[in-house]
Amino acid sequence: MHELSVSQSILDIALRHAERAGARRILAVNLVIGDLTGFVDDSIQFYFDFLSKDTPAQDAQLHIERVAARVRCQGCGAEFAPPDSRLWSCPSCGALGGEIVAGREFSVASIEIE
Amino acid sequence: MPTEVPVVEKILSANDRIALENRRLLDGQGIVAVNVMASPGAGKTSVILRTIEALRGRLRVGVIEGDLASRVDADKVAETGTPVVQINTGGGCHLDAPQVQSALARLPLAEIDLLFIENVGNLVCPTGWDLGEHVKVVVSSVPEGHDKPIKYPGIFVVADAFVLNKTDLAPYLDFDAEIFRTALRALNAEAPLFEMSCKTGQGIEAWADWLLAPAGA
């Protein structure tokens with residue numbers, strides 16, 4: 001559900017930067033989204049298309065770079081990809097848990113304009 | 001000819017800015033704010049009501065209630081004489097910083113030491129939105145099962161404290177407390193866990209004492 005308000009935020013950011021750059025049209029918006037954020041790509045594009053009608057961002061494509069989750073083991077410091085539905089345990093030393101080093105990204109990286 | 005313009009801006013930066021304003025306002029009033037997150041029915045409101053009771057005479061509590069609809073929870077809190085504001089999000093699945101900002105404007109902040117912000121019942125969406133709170137608490141309950149931390153890791157990772165409610169039901173259910181505790185620790189080694197029953201009152205005191213520490217500081 002909250003993809004609607006998120007899409008509005010993406011559109012606001014893109015329009016502000018496009019205006020500053022003197023763009024006539026936004027062709028694409030490049031996003032970086034971590035897998036741990038739980039946002040759904042198709043849903044964001046759907047709302048973005050709806051919200052961007054009659055703005056310079058109409059018909060812009062959202063390009064989403066997904067960042068996989070990475071956890072740094074609190075035992076041995078090794079980095080690993082946490083499994084989806086099991087305990088987060090380190091494949092090297094077996095210790096449980098760690099610090100999230102990637103996967104929470106959620107930003108507009110750049111826009112493509114003309 | 002298309003050109004690429006770097007932006008590098010957090011998508012939720014507008015929310016984060018207002019969250020920062022909320023935090024500054026709260027800090028200025030000496031209020032500690034606790035964002036209470038849980039699935040629907042875990043007992044968020046019951047935990048808040050029990051805590052108000054336990055802290056009576058020691059800390060002045062205020063409450064912001066977030067629900068899709070109704071004033072059911074706010075009415076229960078108001079009966080205790082505690083200042084409360086209800087936010088109805090319509091279909092919204094989480095509270096955001098602007099909603100909390102408008103609720104703060106309707107609370108007698110000078111009369112509050114500890115502010116509970118009861119988020120919408122949901123283990124996914126509230127995680128991403130900073131409200132300006134100082135402490136995030138996740139309330140789980142025995143009937144939900146012991147596998148919630150494994151299935152919804154995102155919210156357990158960001159918590160500063162955990163409550164496990166409805167422990168009085170443990171004899172009747174297959175909740176495996178060891179698996180629950182191990183899964184919590186795997187995601188979050190630091191945050192303390194308070195096991196309690198809002199029905200019997202068992203465990204409330206330890207939780208209330210923990211709240212007194214940061215709130216009194």
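Bear in mind that the values in this text are calculations on the coordinates, not laboratory data. Since we're looking at a predicted model, the values are computed, not measured. Cβ sites come from the backbone with ideal geometry, for glycine too, and all protein chains shown count toward neighbours.
Worth a mention:
- Calculated over the range B:39-158: convex hull of Cα atoms, volume per residue (Å³): 110 Å³
- Residues whose placed amide H lies under 5 Å from that of B:E195, excluding near-sequence neighbours: B:L164
- The mean sequence separation of alpha-carbon pairs under 8 Å and at least six residues apart, normalised by the residue count of the range B:101-216, gives a relative contact order of 24 percent.
- Label-to-label distance, B:V72 versus A:C93, with points set 7 angstrom from Cα along the beta-carbon direction: 4.8 nm.
- Between the C-alpha center of the range A:84-111 and that of the range B:158-198 there is a gap of 22 Å.
- Temperature 25 °C, viscosity 0.890 mPa s: under these conditions the Stokes-Einstein estimate for chain A, based on its Kirkwood radius over C-alpha pairs, is 157 µm² per second.
- Unpaired Cys in the protein assembly as shown, meaning no second Cys C-beta under 4.7 Å: B:C198.
- Proxy reagent accessibility, fewest Cβ within 10 Å first, across A:S92, B:S46: A:S92, B:S46
- Note on chain B: lysine pairs with Cα distance below 22 Å, sequence gap of 8 or more or different chains, count 16.
- Helix axis angle, A:3-20 relative to chain A longest principal axis, alpha carbon, degrees: 60 degrees
- Computed on chain A, with alpha-carbon pairs under 8 angstrom and 6+ residues apart, the relative contact order is 36 percent.
- For B:V7, the residues whose modelled amide H falls within less than 5 Å of its own, excluding neighbours fewer than 5 places apart on the same chain, are A:S110, A:I111.
- Note that the range B:160-176 has calculated 3J(HN,Hα) couplings of 9, 7, 10, 10, 10, 9, 6, 5, 5, 8, 3, x, 9, 10, 9, 5, 9 Hz, one per residue in order, obtained from phi through the Karplus relation 6.51 cos²θ - 1.76 cosθ + 1.60 (θ = phi - 60°); glycine and proline are x.
- Rounded, prolate or oblate (a/c below 1.5 giving rounded, otherwise prolate when a/b exceeds b/c) for the protein assembly as shown by Cα gyration tensor: oblate
- Chain B, relative contact order in percent, only Cα pairs under 8 angstrom and at least six apart counted: 25 percent
- Taking amide H positions as modeled 1.01 Å from N, with prolines and chain starts lacking one, the residues under 5 Å from A:A102 and 5 or more places away or on another chain are A:R70.
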